[in-house]
1. Give me the pairs, please: first residue somewhere in the range 40-51 and surrounded by 10 or more Cβ atoms within 10 Å (Cβ to Cβ), second residue anywhere and assigned to a loop (DSSP other than H, G, I, E, B) and of a type in the set (Val, Ile, Thr), beta-carbon distance under 8 Å, and either six or more positions apart or on two chains.
2. Does Val33 satisfy being surrounded by 15 or more Cβ atoms within 10 Å (Cβ to Cβ), free of Cβ contacts under 8 Å to residues at least 60 places away in the same chain, more than 25 Å from Glu133 (Cα to Cα) and touching a Ser or Thr at 6+ places or on another chain (Cβ under 6 Å)?
3. Conditions first: (1) in contact (Cβ under 8 Å) with a residue 12 or more places away in the chain; (2) aliphatic (A, V, I, L, M); (3) more than 19 Å from Arg24 (Cα to Cα). Ala92 passes all but one, so which condition is the exception?
4. For the range 104-158, enumerate the residues that are part of a helix (DSSP H, G or I) and crowded, with 18+ Cβ neighbours inside 10 Å.
5. Looking at the range 12-22, can you tell me whether even one residue there is assigned to a helix (DSSP H, G or I), closer than 20 Å to Ile83 by Cα, touching a strand residue (DSSP E or B) at 6+ places or on another chain (Cβ under 6 Å) and in contact (Cβ under 8 Å) with a residue 60 or more places away in the chain?
6. Among the numbered conditions (1) at pLDDT 95 or above; (2) in a loop (DSSP other than H, G, I, E, B), tell me where Ser69 comes up short.
Amino acid sequence: MSVAAVCPGSFDPITLGHLDVVRRAAGRFDAVVVAVLENPRKQGLFTAEERIALIEDEVADLDNVTVESFQGLLVDFCNARGIRLVCKGLRAVSDFEYELQMAQMNQRIGGVETLFMSTSPEHSYLSSSLVKEVARYGGAIDGTVPPRVAAALQAKLA
């Protein structure tokens, strides 16, 4: 039996913490779909197309990983593809409280289970918002995002 999982997020931009979770998921599941949320009510720094291209560059070496965008409910995205499992990284207890509610709702309304993967300690402080904030003020972001993402972020903010 083939097991597929979805790693969802806005990835604006993708961080080394996100990539760590995606790569670890790719080692445990037959197929992984990185699902990039397009929220029309929220203006991101990068367009969905830009985020997808940046992620695809970073996972090009993983044959079992694809990248797609979605709008609306994650369970609808999963169910349309026959995927019954979401894989999420957790950084702290505060993440767990929010993510547990989402996981329980996804299971209730769509029958989609969630697997929580603890973030590697070296990435536990990272968030896209924090990286963008540091970059906006000219702070060093090396070691937080891949070099291509850092270049794209610095070009956006220039």
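The values are calculated or read from the model by the stated rules, or taken from the named source; none is laboratory data. Source: prediction; values computed, not measured. Note that each Cβ is placed from the backbone with ideal geometry, even for glycine, and that neighbours are counted across all protein chains shown.
1. Filtered contacts from the range 40-51: Arg51/Ile14.
2. So Val33 passes the test.
3. For Ala92, the failing item is (3).
4. Passing the criteria: Asn106, His123, Ser128, Val131, Lys132, Ala135, Val149, Ala150, Ala152, Leu153.
5. yes
6. All conditions pass for Ser69, except number (2).
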